[in-house]
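J.: My questions will all concern the structure given below.
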Amino acid sequence: MQQIFNFIFKNSNRLLFLLLLCISLALTIQSHSYHKSRIISSANFLSGGVYEKINNVSEYLNLKTQNEALALENARLKSVIFKSKDSTAIKKFQNLKTDLPDDIMVSKVIHNSFNVHENFLTLNSGTLAGVEPDMGVVNNLGIVGIVDKTSPNYATVISILNVKSQINAKVKKSNHFGSLVWNGKSTGYVQLIDVPRLASVRKGDTIVTGGQSVIFPENINIGTINKVYIDNKTNYYTLDIKLFNDMTNLGHVYIIKSKNRNELNNLEKTTKDE
């Protein structure tokens, strides 16, 4: 302990200089949006690289589970083809990267947090691949989240398991809308709030994305109703939704680019300015 005190005493001027330097840098970053955005971009780049290395090892050890999931998805797709009236009319994707529609990008989750109130994911795709903030992220089971920030090769995503997340959703059978939120309790459940009391809802009903969102297409799966409550403050329904997705185990995802988002946002901005 005496040696530590001696070291601090001998290097007090240097330590004080470093402390003041860190404080000044922090204040500069906080007060200038350009510096702040550059720091965030650099942090995404560095953390993304580390997460990708870790994910490569984890993915190799998890190949059996991934292969089983791919086999199930292939079986589902083949079932759709076999049940179609004209299977020859369905386009065959020979090359996943070149034959995908230009409004869908394939990416991979290299980091996923789910044990705090504000959870985020990191994807191994960024601005170089065309990824931008506010794009929707889904997989074959349902919605995953919304792109938050990007760097050239990586992107962070606000998970649906984030208390600040709010997504337009509806009861599939009745088209009654509400807001999809998360109360921060269980990784397997989210909540649909502000559903009108006149809506006919029951346990097992399917919840999908609504048509009022410019981020997600309509009717993407989310989950099923597990419990129905009445909010005493608003007198609206609050629905506990059991997710189709296992948000603790995510692999490949699809990033959706909304073709009409910019047009709608510009129109709404023009209307507000008037």
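J.: Any residue at all in segment 197-209 that's under 15 Å from Val144 (Cα atoms) and either in contact (Cβ under 8 Å) with a residue 40 or more places away in the chain or among the hydroxyl-bearing types (Ser, Thr, Tyr) (or both)?
T.: Yes, there is a match, as at least one residue in segment 197-209 is under 15 Å from Val144 (Cα atoms) and either in contact (Cβ under 8 Å) with a residue 40 or more places away in the chain or among the hydroxyl-bearing types (Ser, Thr, Tyr) (or both).
J.: In addition: Mind checking which pairs have a first residue in segment 106-124 that is of a type in the set (Asp, Glu) and a second that is in a loop (DSSP other than H, G, I, E, B), Cβ under 8 Å, 6 or more apart or different chains?
T.: Short answer, once both residue conditions are applied: Glu118/Val163; Glu118/Lys164.
J.: Related question: Suppose we filter Val228, Val201, Val195 for residues that are in contact with a strand residue (DSSP E or B) (Cβ under 9 Å, 6 or more places away or on another chain) and under 20 Å from Lys164 (Cα atoms); which single one remains?
T.: Just one listed residue meets the conditions, Val195.
J.: Take the residues in segment 107-123 that are open to solvent by 50 Å² or more (accessible area, probe 1.4 Å) and over 11 Å from the mean Cα position of the chain (by Cα), then tell me which one is nearest to Leu243 (Cα to Cα).
T.: Here the residue is Phe114.
J.: A further question on this structure: Assess whether Gly145 counts as being buried (at least 19 other Cβ atoms within 10 Å of the Cβ), among the small types (Gly, Ala, Ser) and more than 18 Å from Ile256 (Cβ to Cβ).
T.: No: the conditions fail for Gly145.
J.: Consider Val195 carefully, then state whether it is surrounded by 17 or more Cβ atoms within 10 Å (Cβ to Cβ), of a type in the set (Val, Ile, Thr) and out of contact with any Gly (no Cβ under 6 Å at 6 or more places or on another chain).
T.: Considered against the rule, which asks whether it is surrounded by 17 or more Cβ atoms within 10 Å (Cβ to Cβ), of a type in the set (Val, Ile, Thr) and out of contact with any Gly (no Cβ under 6 Å at 6 or more places or on another chain), Val195 comes out as no.
J.: Within the set of pairs 6 or more residues apart or between chains, which connect a residue that is of a type in the set (Ser, Thr, Tyr) inside segment 144-166 to a residue that is part of a loop (DSSP other than H, G, I, E, B) and at pLDDT below 95 with Cβ atoms less than 6 Å apart?
T.: Short answer, once both residue conditions are applied: Thr150/Gly126; Thr150/Val131; Ser151/Gly126; Tyr154/Gly126.
J.: Would you check which residues across segment 168-200 are assigned to a loop (DSSP other than H, G, I, E, B) and over 21 Å from the mean Cα position of the chain (by Cα) and list them?
T.: Answer for segment 168-200, where residues must be assigned to a loop (DSSP other than H, G, I, E, B) and over 21 Å from the mean Cα position of the chain (by Cα): Lys172, Lys173, Ser174, Asn175, His176, Pro196, Arg197, Leu198, Ala199, Ser200.
J.: Ok, one more. Pick out, from segment 98-149, the strands (runs of 3 or more DSSP E) lying fully within it that include 1 or more residues that are over 17 Å from Ile215 (Cβ atoms) and modelled with pLDDT of 90 or more.
T.: Per the criteria, 104-112, 118-123.
The values are calculated or read from the model by the stated rules, or taken from the named source; none is laboratory data. No experiment lies behind these values; they were computed from the predicted model shown. A quick note on method: Cβ atoms are made from the backbone with ideal geometry, for glycine too, and the neighbour counts reach across all protein chains shown. Just the protein is used for accessible areas: all its heavy atoms, side chains included, with ligands, DNA and RNA removed. Shrake-Rupley method; radii C 1.70, N 1.55, O 1.52, S 1.80 Å.
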